[in-house]
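The values are calculated or read from the model by the stated rules, or taken from the named source; none is laboratory data. Fair warning: this is a prediction, and the values are worked out from it, not measured in the lab. When we count neighbours, we look across all protein chains shown, and the Cβ atoms used for this are built from the backbone with ideal geometry, even at glycine. These area figures cover heavy atoms from the full protein model, side chains too; ligands, DNA and RNA do not enter into them. Shrake-Rupley method; radii C 1.70, N 1.55, O 1.52, S 1.80 Å.
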Amino acid sequence: MIFSYYNTLMPLKPLESKRIVLGVTGSIAAYKAVDLASKLAQAGAVVETILTPSATQFITPLAFQSVTGQGAYVDANLWGAQAHVLHVGLGHTADLFIIAPATAHSMAKLANGTADNLLMLAALAYGPGSAGRPLLIAPAMDGGMFEHPATQANLETLRQRGAQIIGPEAGHLASGLVALGRMSEPLTIFGLARYALTRQGPLSGRRVVVTAGGTQEPVDPVRVLTNRSSGKQGFALAQAALDAGAEVTLIAAPSAVPIPTGLEYIPVEAASQMEQAVLKACQNADALLMAAAVADFRPVNPAAQKIKKSSGIEAIPLEPTTDILAAVAAQRGRTGLPLAVVGFAAETQNLLANAQAKLRAKRLDMIVANDVSAPGSGFAVDTNRVTLLYPSGKSEPIPLATKAEVAERVIAEVVTLLNK
Ligand code: CTP
């Protein structure tokens, strides 16, 4: 909770206290829905589950209750004192409705408005899906059923009305077939839920470009010159910008960090590729966050064939790469975009003086100064210790925090910069 006092615009946990109804229908993928429920609950959401009668053949309500700490309802709950509140109330009060897994039969019922069980009643009460009240449907079925014109027509009906359909994926199915029909992975559905619930944030309608990772400059077809950047801070910035409602383009050098759901991902390798991608993306961007560790030098003449050990290497002549932020500043001089440009300074000595010099030289609106040699800070670790510097000379040290928290703090500054 380090940053709660900084900027009340920014949600610390975008799913915190969001009310989610998770509908589970009768597919073997129902066991994966427990993992989804758990992920949503761990992210702070209030998850209530509704199981159809056939879902209960695969999995019990207790499994969902156990991971969510909330009610898991079945058709028997339709009768009795709670009945009215349940079938209408669950749908009415939800911020998000997810049906995962959704069988072909359940989608047919929903497309036709057949409300013969608690889940269908609640889904009808919730509505067809819209930006403010998203409905996510993750189909799961056996091979051939998904392609059937009837299923496709039902899906199209649901999509046209406002539902978002996730997957299904191709792969091994319970019947032994390898075909289209596997429910999307819980992490994918979780990512889309997070995306759907954060569209109204303070950066809604803004386009944000983020760069991440260490560029790779080829020496020969198998060897590269690169640096220790893991991409973690850049990817966290992209996630925080998404959580603030922005449309995000992430231009990243090779990285092992999972790609956040809902952004445009542009993989690059060398600094020259990153430069091209950044200049293009910045033509209509509101903000650029240049977190990538861009190589300053590259081999002059990368070998066309692998350099053999037996032939040896005397030296690898290097030449400077383009400074991407300098190229952005030149383009910005002509177009006025991006409105805000944030740089990062990776230093091992004289942190503030060096960062302040880069802020001026690269004509930035803010620089995030990072002593990469300090404990708990810099490359590969999950925490960071940074200072924010501004053209006015103002500097603001941020206490040791996770990279996600640093990212939220930086994005809160971008909100302020863009609102100026
Ligand atoms: N940067 C860039 N293009 C480069 C090198 C760096 O746009 N060819 C950006 C980085 O993404 C970062 C900022 O410039 O936002 C500062 O990068 P850093 O590596 O700290 O500084 P350099 O400009 O490379 O200077 P030095 O290596 O001398 O510290």
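Mind counting the residues in segment 279-307 that are under 26 Å from Ser204 (Cβ atoms) and away from the ligand (no atom under 16 Å from the Cβ)? Break it down stepwise before answering.
Taking segment 279-307 as the starting set, the residues that turn out to be under 26 Å from Ser204 (Cβ atoms) are 279-292.
Retained after the next criterion (residues that are away from the ligand (no atom under 16 Å from the Cβ)): 283-284, 286.
Within segment 279-307, residues that are under 26 Å from Ser204 (Cβ atoms) and away from the ligand (no atom under 16 Å from the Cβ) number 3.
All told, Thr387 meets the bar of being part of a strand (DSSP E or B), farther than 17 Å from Ala236 by Cβ and within 15 Å of the ligand (Cβ to nearest atom).
Each residue in segment 351-368 was checked for being open to solvent by 50 Å² or more (accessible area, probe 1.4 Å) and more than 10 Å from the ligand (Cβ to nearest atom), and 4 of them qualify. Candidates Phe58, Phe64: the one that is open to solvent by 30 Å² or more (accessible area, probe 1.4 Å), at pLDDT 95 or above and assigned by TED's automatic domain parsing to the domain that holds Met183 is Phe58.
Is at least one residue of segment 270-277 in a loop (DSSP other than H, G, I, E, B), out of contact with any Phe, Trp or Tyr (no Cβ under 6 Å at 6 or more places or on another chain), of a type outside the set (Phe, Trp, Tyr) and open to solvent by 20 Å² or more (accessible area, probe 1.4 Å)?
Residues of segment 270-277 in a loop (DSSP other than H, G, I, E, B): 270.
Restricting the remaining residues to those that are out of contact with any Phe, Trp or Tyr (no Cβ under 6 Å at 6 or more places or on another chain) gives 270.
Still in the list and also of a type outside the set (Phe, Trp, Tyr): 270.
Now narrow it down to the ones that are open to solvent by 20 Å² or more (accessible area, probe 1.4 Å): none.
There is no residue in segment 270-277 that is in a loop (DSSP other than H, G, I, E, B), out of contact with any Phe, Trp or Tyr (no Cβ under 6 Å at 6 or more places or on another chain), of a type outside the set (Phe, Trp, Tyr) and open to solvent by 20 Å² or more (accessible area, probe 1.4 Å).
Gly191 meets all of the listed conditions (1) of a type in the set (Gly, Ala, Ser); (2) in a loop (DSSP other than H, G, I, E, B); (3) in contact with a Ser or Thr (Cβ under 8 Å, 6 or more places away or on another chain); (4) away from the ligand (no atom under 16 Å from the Cβ) but one, namely (2).
Would it be correct to say that Lys18 is surrounded by 15 or more Cβ atoms within 10 Å (Cβ to Cβ), at pLDDT 95 or above, under 24 Å from Ala244 (Cβ atoms) and basic (Lys, Arg)? Steps first, answer last, please.
Details: surrounded by 15 or more Cβ atoms within 10 Å (Cβ to Cβ): yes; at pLDDT 95 or above: yes; under 24 Å from Ala244 (Cβ atoms): yes; basic (Lys, Arg): yes.
Considered against the rule, which asks whether it is surrounded by 15 or more Cβ atoms within 10 Å (Cβ to Cβ), at pLDDT 95 or above, under 24 Å from Ala244 (Cβ atoms) and basic (Lys, Arg), Lys18 comes out as yes.
Met141 satisfies every condition listed in (1) in contact with a Ser or Thr (Cβ under 9 Å, 6 or more places away or on another chain); (2) assigned to a loop (DSSP other than H, G, I, E, B); (3) open to solvent by 40 Å² or more (accessible area, probe 1.4 Å) except (3).
Just to be sure before I move on: is Val224 of a type in the set (A, V, I, L, M), on the phi < 0 side of the Ramachandran plot and within 16 Å of the ligand (Cβ to nearest atom) in the structure I sent?
On the way: of a type in the set (A, V, I, L, M): yes; on the phi < 0 side of the Ramachandran plot: yes; within 16 Å of the ligand (Cβ to nearest atom): yes.
The answer is yes for Val224.
When we screen Glu264, Glu319 for residues that are assigned by TED's automatic domain parsing to the domain that holds Phe379, surrounded by fewer than 18 Cβ atoms within 10 Å (Cβ to Cβ), away from the ligand (no atom under 16 Å from the Cβ) and not aliphatic (A, V, I, L, M), the only hit is Glu264.
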